[in-house]
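Working notes, structure below.
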Amino acid sequence: MTSNIYDRRRVNGPARSVEPVYIDAIEPIAFPDGLRNDGRSLDQLRPIYIKTGPLAAQQTFSSTAPSGSAYYEQGKIRVSCAVYGPRQGRKSNPRIGSFDCDFQYAPFSCSWKKRSHIRGADEKETAQILEQAIAPAIRLEAYPKACIDAYVTVIESDGKFATISAAINCISAALADAGIELYDTVASCSMSSDSSRWVADCSQPEEDASSCSLLVAYMPSVDEITYLLQNGKSTLDQTEQAVQACTNSCTRVYAVISRYLQSSMEQPGT
Amino acid sequence: MASLVLSPAEQDFIIRGIEKGFRGDGRGNLDRREVTLRTGMISQASGSARCRIGNLGVGTDVLVGVKAEVNAWTPGEPEALGSVVCNVECSPSAAQEFEGRGAEEINVELTQLLDRVISRGSQGAGGLDLSALCIIPKQAYWVLHVDALVLDVRGSIADALVMAARAALMDTRLPRVVVETITDDSGTAQAEFDVVDDAEDLVALKGVSGLPVAVTFNQVGKRYVVDASEQEEAVTQAKLTVAVSPALEICAIQKGGIFRGFQPSLMSEILQTAQRIAKEELTRFVALYEEAAKHKEQQSDGPSTGSTFLVAF
C-alpha cells in the first residue's frame, strides 16, 4: 500500500497518510429502502454540468490548442477532456482513421490514496474501455490516415464505475465540441447492486458496499449498446433487468448532454 | 488480437457463410472446438494447467501457473481475506505483432478480464473462498499469483484463458499451515504460524469448483458466433465475453471491439445463450479435468522429460 518510490524532484509527503476520522461521522446505509444519504431516490442520477470549450484557444488560431474540450461534473465527480485531431497518426491506415484515448487520474483525485503520476494497469484498462465505448460512434471512415486523440483527466473521482461513465460522457461532449463527425453522442450510466436491488449512479461508499456493478454506454439514435461491463456476480434475470434500466438511464443522460451542447452553440462567441 | 489481413472476398465469404449458419471449418454458429487440457506439468508451481482450444492439434494455447506465497498484512487491506493477483502475457512466439511492446494493450485487457472473472466475479457464496486463504487475521495471508502465458493464438483467447486458469486453480495445492497461539510473559496472546515443509502434506483450495467459465460471442454481420477462429475474429465487429458460474449466475460481462455496438434486444438473447452454453462447457470441463488428472497420474511414473504436454495428432 505504501509507495516506495522516492521522487527527488518533488517534495515527498509522509510515506503513509490516512484520511482524518471525524468523530461524529454517521456510517451511511449504502442500499436503503427509501431515499439515499444525499436525498436521491434509488434510480435518480446525480446532477450533471457540462461546459464545452474551456481549453479553446484565446487567439484566433493556435496550433497547440485542442480541437475540442469539455469539462464535466456529476455530483462530486469532475472530469476534463481534450480532443486533438483529426491529425496525422502514427499508425496510418489508408482505409480508416483511428481513435486513441489516454486516461489519467490526477494524484489528488481518489479518496485518500495518492495516485502515482505513472499510468497504472487500472488506467490503461480504463483507456481501452473508453476507446471501445466511443469509437463505434465516430465516422472513422471519414478520416483515413488520421488519428483522433482524446486525453481524459479525472480531477475528482467518486465511485469507479460512475467515474468511467462520466469520462465517456465527457469525451462525447468534447468530440462534439471538436466538430468530429459522429453517428451519435454516446451516453453512459452505471448501476450497482447488493444482490437485492439495483441502484443507479453509485458513489464510492455505495460501490464499496455493493456486490456487483454494471456500466452501459449507449447510442440512443441508433439503438446500440457500445459498451457493457459487469463486475461481480448476479443472476441472469437481475442482469437483464439492470441492463434495461441502465439503458433507459443512458437515454436520460443523453438528453442532458444534448441540452448542454445545444446551449453552448447558442451562446455568442463560442 | 492477432489481425489477419483478409481480402474483401474472403471477408464476404465468411460473413455470408455465418449468416446461413456455416463456418469455415464446418461448425454451426454455436459449436465449439475440441479442448485439450493438461494439469500439473510445472513442478515448481503450486498449480498449473495448459489448455488448447482447437481441432486437429492446432489451436489457441494458454499455459497458466499458480504460485502461492505468504504476505504480511498492511493496514488498509481487508482484515481476514487472502488475495489473488493475475497477470497475463502474450508470448511473442504466438504472433509477430506481440514482439516488444506490441502486446501491451492486449496484455492489459486480458489481465483485467481474468482478474474480474477470478477475484471479483467469484466472490460470495459458491465462489473462490478468499477467507480460507487468510492465515492469521491482520497478520498474514496467502496471495495466489496466477500467471498466464499465451503460447499460440487461433482465436478465442479469453475462453482458453479462463478455462486454463480454472484448471490451474483446481490443481493448486497449498502447504498446510499450523497456527499456534502463544501467550508470552506479559500475558498477551500472540498467534504464530508455521508452514509445514512436507511435500506430501498439501491442501486444496476451497471453492474452486464455483469458479466461472467464459463464453465469447463475436458479432459477424447480423449473426453471432461462439468460439471464433482467427479468420472469424478478423471480420468481427464487436464481441461480448460472458462469464457464468456453475450456479448459472452471470459473474462478469465485458464487451470488446471498437467498430460497432450491440442492439439491446440482442443482449438478452446472448445472455440466455451464454447460460446454456456455459452449462455444456462446465460439463465438458469436468470430464476434461478428470482425464487430465488421470494423465498426470500416469506421467508421474514415466520419464521426467515429458516429451509432449498435449495430445499429438
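The values are calculated or read from the model by the stated rules, or taken from the named source; none is laboratory data. Fair warning: this is a prediction, and the values are worked out from it, not measured in the lab. Using ideal geometry, Cβ is built from the backbone for each residue, glycine included, and neighbour counts are taken over all protein chains shown.
Couple of notes before you dig in:
- The set of residues in the stretch B:6-20 that are in contact (Cβ under 8 Å) with a residue 12 or more places away in the chain and loosely packed, with under 15 Cβ neighbours inside 10 Å comprises B:Arg16, B:Glu19.
- Residue that is nearest to the other protein chains (Cβ to nearest Cβ) [pool: residues in the stretch A:214-231 that are surrounded by fewer than 24 Cβ atoms within 10 Å (Cβ to Cβ) and of a type outside the set (A, V, I, L, M, F, W, C)]: A:Glu224
- Residue list for the stretch B:57-79, restricted to those being outside any strand (DSSP E or B) and over 30 Å from B:Asp31 (Cβ atoms): B:Trp73, B:Thr74, B:Gly76, B:Pro78, B:Glu79
- Some residue of the stretch A:187-204 being in contact with a Pro (Cβ under 9 Å, 6 or more places away or on another chain), closer than 18 Å to A:Ile129 by Cβ, within 11 Å of chain B (Cβ to nearest Cβ) and of a type outside the set (Phe, Trp, Tyr): no
- Which listed residue is closer than 24 Å to B:Arg50 by Cα, assigned to a helix (DSSP H, G or I), within 10 Å of another protein chain (Cβ to nearest Cβ) and not basic (Lys, Arg), from B:Ala287, B:Ala252, B:Ala274, B:Ala293: B:Ala274
- Some residue of the stretch B:211-223 being touching a strand residue (DSSP E or B) at 6+ places or on another chain (Cβ under 7 Å), facing another protein chain (nearest Cβ under 10 Å) and either crowded, with 24+ Cβ neighbours inside 10 Å or among the aromatic types (Phe, Trp, Tyr) (or both): yes
- Restricted to strands (runs of 3 or more DSSP E) entirely inside the stretch A:22-134, those with at least 2 residues that are at pLDDT 90 or above and touching a Ser or Thr at 6+ places or on another chain (Cβ under 7 Å) are A:68-74, A:77-88, A:98-105.
- For the stretch A:130-151, residues that are more than 9 Å from chain B (Cβ to nearest Cβ) and at negative phi total 13.
- B:Ser48 meets all of the listed conditions (1) over 30 Å from B:Lys222 (Cα atoms); (2) in contact with a Pro (Cβ under 8 Å, 6 or more places away or on another chain) but one, namely (2).
- Members of the stretch A:232-253 that are hydroxyl-bearing (Ser, Thr, Tyr), within 27 Å of A:Asp122 (Cβ to Cβ) and more than 7 Å from chain B (Cβ to nearest Cβ): A:Ser249
- All told, B:Val143 meets the bar of being surrounded by fewer than 16 Cβ atoms within 10 Å (Cβ to Cβ) and of a type in the set (Val, Ile, Thr).
- Residues of the stretch B:40-63 satisfying the condition of being among the β-branched types (Val, Ile, Thr), more than 21 Å from B:Ala278 (Cα to Cα) and surrounded by 15 or more Cβ atoms within 10 Å (Cβ to Cβ): B:Ile42
- Tally, over the stretch A:1-21, of residues that are of a type in the set (Gly, Ala, Ser) and at pLDDT 75 or above: 2
- Single match in A:Ser116, A:Ser111, A:Ser63, A:Ser92 (criterion: among the hydroxyl-bearing types (Ser, Thr, Tyr), within 14 Å of another protein chain (Cβ to nearest Cβ) and either within 27 Å of A:Arg9 (Cα to Cα) or without any contact (Cβ under 8 Å) to a residue 60 or more places away in the chain (or both)): A:Ser111
- The residues on offer are B:Arg154, B:Arg116, B:Arg176, and the sole one that is of a type in the set (Lys, Arg), more than 14 Å from every other protein chain (Cβ to nearest Cβ) and in contact (Cβ under 8 Å) with a residue 40 or more places away in the chain is B:Arg154.
- Single residue of A:Lys114, A:Lys124 found to be touching a Pro at 6+ places or on another chain (Cβ under 7 Å) and not β-branched (Val, Ile, Thr): A:Lys114
- The residues of the stretch B:51-80 that are within 14 Å of another protein chain (Cβ to nearest Cβ) and charged (D, E, K, R), listed by number, are B:Glu77, B:Glu79.
- Within the stretch B:29-56, the residues that satisfy the criterion of being more than 23 Å from B:Ile14 (Cα to Cα) and not in a strand (DSSP E or B) are B:Gly40, B:Met41, B:Ile42, B:Ser43, B:Gln44, B:Ala45, B:Ser46.
- Which listed residue is within 30 Å of B:Ala132 (Cβ to Cβ) and within 14 Å of chain A (Cβ to nearest Cβ), from B:Ser7, B:Ser83, B:Ser48: B:Ser83
Okay, residues lined up against (1) surrounded by fewer than 15 Cβ atoms within 10 Å (Cβ to Cβ); (2) part of a loop (DSSP other than H, G, I, E, B):
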{"position": "B:Leu81", "(1), (2)": "no, yes"}
{"position": "B:Pro92", "(1), (2)": "yes, yes"}
{"position": "B:Val108", "(1), (2)": "no, no"}
{"position": "B:Leu113", "(1), (2)": "no, no"}
{"position": "B:Arg116", "(1), (2)": "no, no"}
{"position": "B:Asp159", "(1), (2)": "no, no"}
